[in-house]
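Working notes, beginning with the structure itself.
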Amino acid sequence: MLGLSYFSFAELWSPLFLAVMLLLTAGYFVLIGPLSGRFQGSSQVPLWRRFSFIFGMLALYLAQGGPLSLLGHILFSFHMASMAFSYLVAVPLIMLGIPDWCWRALLKGLLRPLRRVSFLAHPVVAALLFNGLFSLYHIPVIHDYVMLHFAVHRLYYAVLFLTSALMWWNLINPLPELRSINGLGQIGFIFLNMVLLTPACGLIIFAGEPLYATYSDPQTWARAMGYCVSGSPAELLQAFGGPAFFGWLSPKVDQQVGGIAMKFIQEFIFASMLAYVFYHWYKKENGQDDAEVSAPSSELEERILTRV
């Protein structure tokens, strides 16, 4: 299927990355279980939060270590699906899985280094950072450069992950004392993110020709593939000839499908978040919001948190 039979188990499933993700997931359950008593204000973590964390880690693994990651080096449409799963699905699910008392302990421990860069979490700054870096990455010359330089590729993806977390923090922040926007502000923030990603998707969808050498030029493709499969670029070219060996779509159509897929996934996720935010804002305005509200457990902690 999709030519995956030509690759080994290790190339398809990235066992080392899988081991890291399993260790992090195990650490999460140890933290919210046996070690939870060490944290002030700790409480039982609801089942939905646990499943949220598990599904978030699964989405991140499939996008960055599973077959979707490999396919993302072959077809642009799968690359965009991988990006969507990484930053629009995995990040918010993982963040939702972390209980408020964990967030408080983390922010309290990182108070000093965070204080100088706390402006990065400002709604407008966070939205511009993530969407700007995402759009910058998909400028053809930058995209091909990043795909051909492994260290830059990993660093750029890590920065995108962090800026995505800053963006999502403004929507799913569980700490009332640290919320900078609520209700209508969050609704406006969602629309801002939806608008900011539109130019990049539009450029990709309506381009008159293939933009990325990684998915259209055999030589460039073979060099990029060399970072995720065994064999030299020359061996890959001899075996497959180029990305066309695996594709049932032309590079232009594949590119258009990728742009449409990214925009559709983003619209669906943010539309769902919009409905969620509007529902709770409406309930609050009508005095019906019975959502759990957690406050700092001490006056000292409150002062510390409000300075982040």
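The values are calculated or read from the model by the stated rules, or taken from the named source; none is laboratory data. Nothing here was measured: the structure is a model prediction, and the numbers come from that model. Every residue, glycine among them, receives a Cβ derived from its backbone with ideal geometry; neighbour counts consider all protein chains shown. Heads up: the accessible areas ignore ligands, DNA and RNA and are worked out on the full protein's heavy atoms, side chains in. Shrake-Rupley method; radii C 1.70, N 1.55, O 1.52, S 1.80 Å.
For the pair S8 and S230 in one chain, pulling the backbone fully straight at 0.36 nm per residue adds 79.0 nm over the alpha carbon distance.
The apolar share of the surface of the chain, taken as the fraction of accessible area on carbon and sulfur atoms (1.4 Å probe, ligands and nucleic acids excluded), comes to 69 percent.
Using a 10 angstrom cutoff on alpha carbons, build the Gaussian network for the chain and name the most mobile of V91, V253, V20. Most flexible of the set in this elastic network: V20.
Assuming a ≥ b ≥ c are the square roots of the Cα gyration tensor eigenvalues, decide whether the range 1-77 counts as rounded (a/c under 1.5), prolate (otherwise, with a/b larger than b/c) or oblate. If you can, show how the numbers build up before the last one.
Values: a/c = 4.26, a/b = 2.70, b/c = 1.58.
It comes out prolate by the Cα gyration axes.
Over the chain, calculate the relative contact order: mean separation of alpha carbon pairs under 8 Å at least 6 apart, over the residue count, as a percent.
Relative contact order here is 23 percent.
Legend: calculated FRET efficiency, I205 to L128, from the Cβ-Cβ distance at R0 = 22 Å, rounded to 0.05, equals 0.50. Note on F278 and I187: the extension gain reaches 32.0 nm, defined as 0.36 nm multiplied by sequence separation minus the Cα-Cα distance. Given that just one value was derived from the coordinates, which of (i) -0.40, -0.61, -1.02; (ii) -0.61, -0.73, -0.99; (iii) -0.52, -0.75, -1.12 is log10 I(q)/I(0) by the Debye sum over Cα atoms at q = 0.09, 0.11, 0.14 Å⁻¹? So the structure-derived entry is (iii). Comparing L166, L129, L184 in a Gaussian network model of the chain, where Cα atoms under 10 Å apart are tied by springs, the biggest mean-square fluctuation is seen for L184. Our coupling estimate for the range 196-206, obtained by passing each phi through the Karplus curve with A = 6.51, B = -1.76, C = 1.60 and θ = phi - 60°, is 5, 7, 4, x, 5, 5, x, 4, 5, 5, 9 Hz, Gly and Pro reported as x.
Look at the dipole of the range 4-281 built from charges on Cβ: of G242, H153, F55, the Cα furthest out on the positive end belongs to F55. Express the relative contact order of the range 11-78 as a whole percentage, based on alpha carbon pairs under 8 Å and six or more residues apart in sequence. Averaging sequence separation for qualifying contacts and normalising by length gives 47 percent for the range 11-78.
Cα gyration tensor of the range 180-280, axes a ≥ b ≥ c as square roots of the eigenvalues: rounded (a/c below 1.5), prolate (a/b > b/c) or oblate? Prolate, since a/c reaches 1.5 and a/b exceeds b/c.
With a 1.4 Å probe and all protein chains left in place, how much accessible area per residue does the range 4-281 have, in Å²?
Working: 13170 Å² over 278 residues.
It amounts to 47 Å² per residue over the range 4-281.
In deg cm²/dmol and to the nearest 500, what is the mean residue ellipticity at 222 nm of the chain if only DSSP H runs of at least 4 residues count, each as -39500 (n - 2.57), divided by the residue total? Counting only the DSSP helices, I get -20500 deg cm²/dmol.
When the chain is described by a simple charge dipole with +1 on each Lys and Arg Cβ and -1 on each Asp and Glu Cβ, the residue from F264, P67, Q44 located farthest towards its positive end is Q44. Taking a straight line from the alpha carbon of K263, these lysines sit under 29 Å away, with near neighbours fewer than eight places off in the same chain left out: K252.
In this label model, R50 and Q238 are separated by 5.3 nm, measuring between points 7 Å along each Cα→Cβ vector. For the chain, modelled as a GNM with alpha-carbon contacts under 10 angstrom, which of N182, N193, N170 fluctuates the most? Of the options given, N182 has the highest mean-square fluctuation.
Under unit Cβ charges (Lys, Arg +1; Asp, Glu -1), what dipole magnitude, rounded to 20 debye, does the range 4-281 have relative to its Cα centre? If you can, show how the numbers build up before the last one.
On the way: 13 positive and 9 negative charges, 218 e Å.
In debye, rounded to 20, the range 4-281 gives about 1040.
In sequence order, the range 166-178 has phi-based couplings of 5, 5, 5, 4, 6, 10, 10, 4, x, 9, x, 6, 10 Hz under the Karplus curve 6.51 cos²θ - 1.76 cosθ + 1.60, θ = phi - 60°, and Gly or Pro positions carry x.
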